[in-house]
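Please treat every number below as a calculation from the coordinates, not as lab data. Quick caveat: nothing in here was measured; it's all calculated off a predicted structure. Quick reminder, even Gly has a Cβ in these numbers, built from the backbone with ideal geometry, and neighbours come from all protein chains shown.
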Amino acid sequence: MKTPDIIDPDQPNFASTRRGWLKTVGLGGMSAGALALAGGCATSATTETAAAAAMPTDHLPDLTAPTDGLVRLSSNENPFGPSPKAVEAMSKYLEYTARYADKETAILAEQIAEIEGVSADQVVISNGSSPILMVYGYWIATNGGKLITSMATYEGVPRSAEYYGAEVDYVPLTADYDFDLDAIAAKVTPETTAVYICNPNNPVGRVVDADKLYAFAKEVSKTTQVFIDEAYIELSDAYPANKQTRLIQEGSNVVVCRTFSKIHGMAGQRLGYAILPKDAAASLGAAVRLGGVNHLGQIAGMASLKDTENLEKQRLQIARERLKTVAAIEELGLTYAKNPQGNFVYVDTGMPFKEFADKMAANGVRVAGRAWPGYESWSRISVGLPSDTDACVKALKAVYA
Ligand SMILES: Cc1ncc(COP(=O)(O)O)c(C=O)c1O
C-alpha cells in the first residue's frame, strides 16, 4: 500500500475560523439545545467512550468484550472489523494525532472523487455520516421545511428535520416493504424541499431496483433535491451496479451519502461522506467540517478503500451470515422483509417488540431496542460473526420453543 504524504506541520488551526463558518451556514444562532442535538447524533457511542475513558488503562482489554455480556446484534455494526491494512495504517500514524487533519481530508476527498467519477469539491467528509444527516435536516427546515420520505426508514434526516421545525410526510411502504416511489413522486411539488430515500433501507433491508431508483431520482430531482442514503449499499449483492452516483456525474440535483461504519467495519472511528452538486457541497461542507475530521479515521479510510479484496470478503461473509439468519427465521415461520441486503434482517416477531427484545436478551442476544411507528411487533436483528449468528439462532429457537 502506498502511504500518502499527509503530515503537514503548517496546517492552519481551524478553531479560529469556526465562528465565521457557523455564521456562513446559519448555525451561529443555534441554541444550546440545538447544538446538543448535533452532538447527540452519537449519544450511545459517546456514553460508552466516556465510560472507557474513566477506566484505568489496565482494564482496557475488557473493552473487547460486550459491556452487558450480550451478543450485540442491535446497532448494525460490522464486527468483522476494519481491514488489516487500515489497522496497520492507523498504527503508523498514531503519533501524528496532534495536528488537525485537513490535508488528510483533502487527500481522502480526491480518492473518493476518483472512485466515484466526480470532482473532489463534490465530496464532503465528516465524522461518520450522522453529522451530514443532522445538518441536512437543519438545511431542509431552513429552506422551505418540507421533506418526503417513508415509514419505516432510518430516522437521521427526518428526525433532524422535524427537530428544527420541518414538516415530514411519511409515505407508507408498499406491500413488499419497499419505498413506494410512485406514491412519493405523486406528492412532490415545487414546495418540497427534499426527498429522503435509504437504499438499502434501514430497518427493512430491502434494496430499490437500480433502474427504477435512477429513473425516479432523475425525474424528481428536476423539482426537488433527492437525498439517497447509501450507508449499506456496498453490502448489497448488486453492488456496484445499484449505487446512484451516476446521477451526480450527470448533474442531477441528488445527494448520495455513505459511511465507513458498515462494510469498512469502522463504526467507532467515525467517518462518512456525501457526494453532491458542487454548490451544495460547498455549504454542507462548511457546516459539517467544523473543527475538522478525525485523523486516524481518515487514514484508515484511505487504506480501507484501497483494500478492495477485503471489501469483497466483507460483503461475502456478511451475506453468508445474513442468509443463515434468514433461514432460521423462515424455519420458525415468521414473516420478514424478504431478500434483505444490509447487515440486518427485519422480522415480524408476533409480539410487542419490547417483549421480543427482552426475551432475546434473556437468551443472551441484544436486538434493536426501538420500534418504528406502524411496526410495533417488528424487530431489526443485525448480523455479525458466525458465532453471533449461532447465538442468535439458538436464542430465536428458545424464544419460539
Ligand atoms: C441508513 C443509515 N444512515 C446513516 C447511519 C449513520 O451511520 P454513521 O454515523 O455511523 O456513519 C446509519 C447508522 O446505522 C444508518 O443505518
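I need the peptides 345-355, 200-210 ranked by packing, meaning the mean over residues of other C-beta atoms within 10 angstrom, with the highest value on top. Before the final figure, lay out each step's value.
Numbers: 345-355: 19.2, 200-210: 23.3.
Result, highest mean Cβ count within 10 Å first: 200-210, 345-355.
Please work out the FRET efficiency for the pair Ala401 and Asp237, using the Cβ-Cβ distance as r and a Förster radius of 56 Å; give the result to the nearest 0.05. Spell out each step's value before the answer.
Numbers: r = 33 Å, r/R0 = 0.58.
Here the calculated transfer efficiency is 0.95.
In terms of packing, defined here as the mean over residues of other Cβ atoms within 10 angstrom, the peptides 224-230, 265-271 line up highest first as 224-230, 265-271. What spacing in nm lies between the two simple spin-label points modelled at Glu376 and Ala282, each 7 Å away from Cα in the Cβ direction? Taking the simple label geometry, Glu376 and Ala282 are separated by 5.0 nm.
Let me spell out the model: positive unit charges on the Cβ of Lys and Arg, negative unit charges on the Cβ of Asp and Glu, origin at the Cα centre of the range 309-399. What dipole size does that give, in debye rounded to 20?
Numbers: 13 positive and 11 negative charges, 18 e Å.
Once rounded to the nearest 20, the dipole reads 80 debye.
Only four residue types carry charge here, +1 at the Cβ of Lys and Arg and -1 at the Cβ of Asp and Glu. Report the dipole size of the range 253-338 about the Cα centre in Debye, rounded to the nearest 20.
On the way: 12 positive and 7 negative charges, 23 e Å.
The calculated dipole for the range 253-338 is roughly 100 debye.
Taking the inverse of the mean reciprocal distance over all distinct Cα pairs, the Kirkwood hydrodynamic radius of the range 309-399 comes to 13.3 Å. Inter-part distance, the range 260-335 to the range 337-401, computed on C-alpha centroids, equals 22 Å. Protection proxy ranking, highest mean first, for peptides 97-107, 247-257, 327-337: 247-257, 97-107, 327-337, where packing is the per-residue count of other beta-carbon atoms within 10 Å, averaged.
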